[in-house]
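Below is one structure, written out as structure tokens; the observations come after it.
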Amino acid sequence: MAAQPKALGSDVYMIDTAMSGYSGITAAYAILGSRPCLVETGTATSAPVVQEALAGLGVGADDLATIVVTHIHLDHAGGVGDLAAAFPRAQVVVQDAGARHLADPSRLMASARRVFGPAMDSLFGELLPTEAARIQAIGDVGTVDLGGGRRLEGHHTPGHAKHHLGLVDSATGDLYVGDAAGLYIPPQDASSTTGLDASGEMGQMLPGTPPPEFDLDLALASLGRFRDLKATRLLFSHYGPITAVDEALDRAAEEMRLWVSIVRDAWRDSGGEFDLDHAVAMVRDRTRERYADLLARPEVAAKFEALSSVVANVSGIARWLESEEKRLREAEA
């Protein structure tokens, strides 16, 4: 049975999408009011879970006004087509670079199948197309009407993906960060509204640097944009809220820089010919003590590894380093 949505205050509810049967790994958020809004859908296989949660919150088929996704990766937007069909009056909002892939997901799905192979169906399911007329694309900035003068302000925040949006709630200062700040793993006894433990300590943060679009410079600039927004709380798609905004954004930048530094060292060790296994081993070795609290919770560590593996994150960093090396060589030529 799906977990009940958690009330986070100000008519905001966190929905556990139960990705691949895991709890506490991927969240969607409902913002209720005169124009109810869903932020993130989870995977296609999670769509029935999300629909049931919305029904439990009193959001019927004709009530949902907007479905917003931070980006089109399948753990965030895979359920768009299913939920657009289930809520036929909802407008679908996405960053401009991702809009065409929601209207015609064929290229996105083909790419995902090449990466995930036979595991694709159980992990994500099939992203179904959404009518182009129902899709609203946001460029650098844009707004979503939540009713009663309340709105979501969308900000283009590339680095994790070129089609990424950060979203700020004008009424609360909540900032929906998607994957632009990586993954937040709350401590075991965290409050459901602060993401901190009883002593005010935060949990573990991990980078989200998968191929093919990770770009360190853009990612750090996006974190800077988040800081400028002066949010009161960060709402992570992976996983949950945290009120230690500045600390979390600082940690997000620190984790990215650390992993890039380790992978760069591995690159140099291999004489310029990248050895993925060596780089992965170096990352695991150099971060073992840093992530000791997380590794002491093996079930939690395993589910986040399934979602955002060390191999995938190292591969994304290596791809970016290779592009930087090429750019420097061309500049020197």
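Please work out if L235 is in the same structural domain as H71 (by TED's automatic domain parsing), within 16 Å of the chain's Cα centre (by Cα) and either hydrophobic (A, V, I, L, M, F, W, C) or on the phi > 0 side of the Ramachandran plot (or both). I'd like the intermediate steps shown before the answer.
Working: in the same structural domain as H71 (by TED's automatic domain parsing): yes; within 16 Å of the chain's Cα centre (by Cα): yes; either hydrophobic (A, V, I, L, M, F, W, C) or on the phi > 0 side of the Ramachandran plot (or both): yes.
Against the criterion (in the same structural domain as H71 (by TED's automatic domain parsing), within 16 Å of the chain's Cα centre (by Cα) and either hydrophobic (A, V, I, L, M, F, W, C) or on the phi > 0 side of the Ramachandran plot (or both)), L235 qualifies.
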| task | Would you mention how many residues in region 241-271 are part of a loop (DSSP other than H, G, I, E, B) and without any contact (Cβ under 8 Å) to a residue 24 or more places away in the chain? | result | 2
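For every residue, the table says whether it meets (1) hydrophobic (A, V, I, L, M, F, W, C); (2) in the same structural domain as A161 (by TED's automatic domain parsing); (3) surrounded by 14 or more Cβ atoms within 10 Å (Cβ to Cβ).
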residue: S222; (1), (2), (3): no, yes, yes
residue: T243; (1), (2), (3): no, yes, yes
residue: D246; (1), (2), (3): no, yes, no
residue: V263; (1), (2), (3): yes, no, yes
residue: G271; (1), (2), (3): no, no, no
| remark: Per the list (1) within 27 Å of S20 (Cα to Cα); (2) not in a helix (DSSP H, G or I); (3) not small (G, A, S), residue check on F304 breaks on (2)
| Which pairs have Cβ atoms under 6 Å, sit 6 or more apart or on different chains, and link a residue in region 300-312 that is within 19 Å of Q188 (Cβ to Cβ) to one that is of a type outside the set (A, V, I, L, M)? | K303/Y22
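For region 279-301, what are the residues that are outside any helix (DSSP H, G or I) and of a type in the set (S, T, Y)? Steps first, answer last, please.
Looking only at region 279-301, we keep the residues that are outside any helix (DSSP H, G or I), and these are 288-291, 296-297.
Within region 279-301, Y291 is the sole residue that qualifies.
Going residue by residue through region 129-137, is there one that turns out to be surrounded by 23 or more Cβ atoms within 10 Å (Cβ to Cβ) and either of a type outside the set (F, W, Y) or touching a strand residue (DSSP E or B) at 6+ places or on another chain (Cβ under 9 Å) (or both)? Walk me through how you get there before you give the answer.
Residues of region 129-137 surrounded by 23 or more Cβ atoms within 10 Å (Cβ to Cβ): 130.
Subsequent filtering for residues that are either of a type outside the set (F, W, Y) or touching a strand residue (DSSP E or B) at 6+ places or on another chain (Cβ under 9 Å) (or both) retains 130.
Yes; the residues of region 129-137 include at least one that is surrounded by 23 or more Cβ atoms within 10 Å (Cβ to Cβ) and either of a type outside the set (F, W, Y) or touching a strand residue (DSSP E or B) at 6+ places or on another chain (Cβ under 9 Å) (or both).
Considering only region 91-144, state which residues are hydroxyl-bearing (S, T, Y), more than 30 Å from V311 (Cα to Cα) and without any contact (Cβ under 8 Å) to a residue 40 or more places away in the chain. Spell out how you get there, then give the answer.
Step one: list which residues in region 91-144 are hydroxyl-bearing (S, T, Y), which gives 106, 111, 122, 130, 143.
Subset that is more than 30 Å from V311 (Cα to Cα): 130, 143.
T143 - this is the single residue of region 91-144 that is hydroxyl-bearing (S, T, Y), more than 30 Å from V311 (Cα to Cα) and without any contact (Cβ under 8 Å) to a residue 40 or more places away in the chain.
Could you check region 59-78 and list, in sequence order, the residues that are in contact (Cβ under 8 Å) with a residue 24 or more places away in the chain and part of a loop (DSSP other than H, G, I, E, B)?
V59, A61, D62, D63, L64, A65, V69, T70, H71, I72, H73, G78 - these are the residues of region 59-78 that are in contact (Cβ under 8 Å) with a residue 24 or more places away in the chain and part of a loop (DSSP other than H, G, I, E, B).
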| remark: Residue hits (region 11-38; over 19 Å from H76 (Cβ atoms), small (G, A, S) and in contact with an Asp or Glu (Cβ under 8 Å, 6 or more places away or on another chain)) are G33
| Name the pairs whose Cβ atoms lie under 7 Å apart, with the first residue in region 272-297 and closer than 11 Å to A318 by Cβ, the second of a type in the set (S, T, Y) and part of a helix (DSSP H, G or I), and 6 or more positions between them or separate chains? | L276/S315
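Is it the case that D63 is among the acidic types (D, E) and surrounded by fewer than 21 Cβ atoms within 10 Å (Cβ to Cβ)?
Details: among the acidic types (D, E): yes; surrounded by fewer than 21 Cβ atoms within 10 Å (Cβ to Cβ): yes.
Spelling it out, D63 is indeed among the acidic types (D, E) and surrounded by fewer than 21 Cβ atoms within 10 Å (Cβ to Cβ).
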| Can you name every residue in region 18-38 that is surrounded by 21 or more Cβ atoms within 10 Å (Cβ to Cβ), touching a residue at least 60 places away in the same chain (Cβ under 8 Å) and assigned to a loop (DSSP other than H, G, I, E, B)? | I25, T26
| said: Every residue in region 203-213 that is surrounded by fewer than 22 Cβ atoms within 10 Å (Cβ to Cβ) and within 22 Å of L167 (Cα to Cα), please. | reply: E213
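Condition first: in contact with a helix residue (DSSP H, G or I) (Cβ under 9 Å, 6 or more places away or on another chain) and crowded, with 24+ Cβ neighbours inside 10 Å. Now tell me which residues in region 176-192 satisfy that. Spell out how you get there, then give the answer.
From region 176-192, those in contact with a helix residue (DSSP H, G or I) (Cβ under 9 Å, 6 or more places away or on another chain) are 177-185, 187-188; that's our starting set.
Selection gives V177, G178, D179, A180, A181, G182, Y184, I185.
The values are calculated or read from the model by the stated rules, or taken from the named source; none is laboratory data. Fair warning: this is a prediction, and the values are worked out from it, not measured in the lab. Neighbour counts are summed over all protein chains in view; Cβ atoms, including those assigned to glycine, are modelled from backbone coordinates with ideal geometry.
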